[in-house]
Amino acid sequence: MGKIYLNLGCGDLPIKDAINVDFFDTGHADQIVDLNEFPWPWQDNSVDGIYMIHFLGHCHDLVKIIHECHRILKPGGFLHIQVPHASCVGATGNIHHYRTFAYVS
């Protein structure tokens, strides 16, 4: 069986060869999942890698998000997180963002 990669909160940025997941039907999502509801629909130790590109700022509970990632990732799997810096206008000006991130986050 092939490797399973998730692109959580894909928005308008789908990743080839990943399952693109979003809260909304963005036209790019392969699965629509409310990622603020737990547990997520993936089994324990079932995912090889997770991408979160500009996703965490949209989440209610970061601790639960990270715990879910740990739960579904296989041993040795990767978690790629990218967030906008707090000084970025897009980080503070987006009404859908619950928080911002800085170098010490």
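Here is a list of conditions, (1) outside any strand (DSSP E or B); (2) in contact with a Phe, Trp or Tyr (Cβ under 6 Å, 6 or more places away or on another chain), and G57 meets all of them except one; can you say which number that is?
(2) is the only condition that G57 fails.
Can you find even one residue in segment 24-35 that is surrounded by 15 or more Cβ atoms within 10 Å (Cβ to Cβ) and among the charged types (D, E, K, R)?
Scanning segment 24-35 turns up no residue that is surrounded by 15 or more Cβ atoms within 10 Å (Cβ to Cβ) and among the charged types (D, E, K, R).
What tally of residues in segment 56-104 results from selecting those that are modelled with pLDDT of 80 or more and of a type in the set (A, V, I, L, M, F, W, C)?
10
Select from segment 1-27 the residues that are hydrophobic (A, V, I, L, M, F, W, C) and not in a loop (DSSP other than H, G, I, E, B) and write down the one among them that is farthest from the chain's Cα centre (by Cα). Please lay out each step first, then the result.
Initial filter on segment 1-27 (hydrophobic (A, V, I, L, M, F, W, C)): 1, 4, 6, 8, 10, 13, 15, 18-19, 21, 23-24.
Next, only the ones that are not in a loop (DSSP other than H, G, I, E, B) stay: 6, 8, 19, 21.
Values: L6: 8, L8: 3, I19: 11, V21: 8 Å.
Only one residue fits best here, namely I19.
Any idea which of (1) within 10 Å of the chain's Cα centre (by Cα); (2) modelled with pLDDT of 95 or more; (3) surrounded by fewer than 18 Cβ atoms within 10 Å (Cβ to Cβ) is the one N45 doesn't satisfy?
It is condition (1) that N45 fails.
Are there any pairs, at least 6 apart or on different chains, whose C-beta atoms fall under 9 Å, with the first in segment 1-13 and on the phi > 0 side of the Ramachandran plot and the second surrounded by fewer than 17 Cβ atoms within 10 Å (Cβ to Cβ) and assigned to a loop (DSSP other than H, G, I, E, B), and if so, which?
Within 9 Å, the pairs are G11/F24; G11/T26; G11/H28.
The values are calculated or read from the model by the stated rules, or taken from the named source; none is laboratory data. None of these values were measured; they are calculated from a predicted model. A quick note on method: Cβ atoms are made from the backbone with ideal geometry, for glycine too, and the neighbour counts reach across all protein chains shown.
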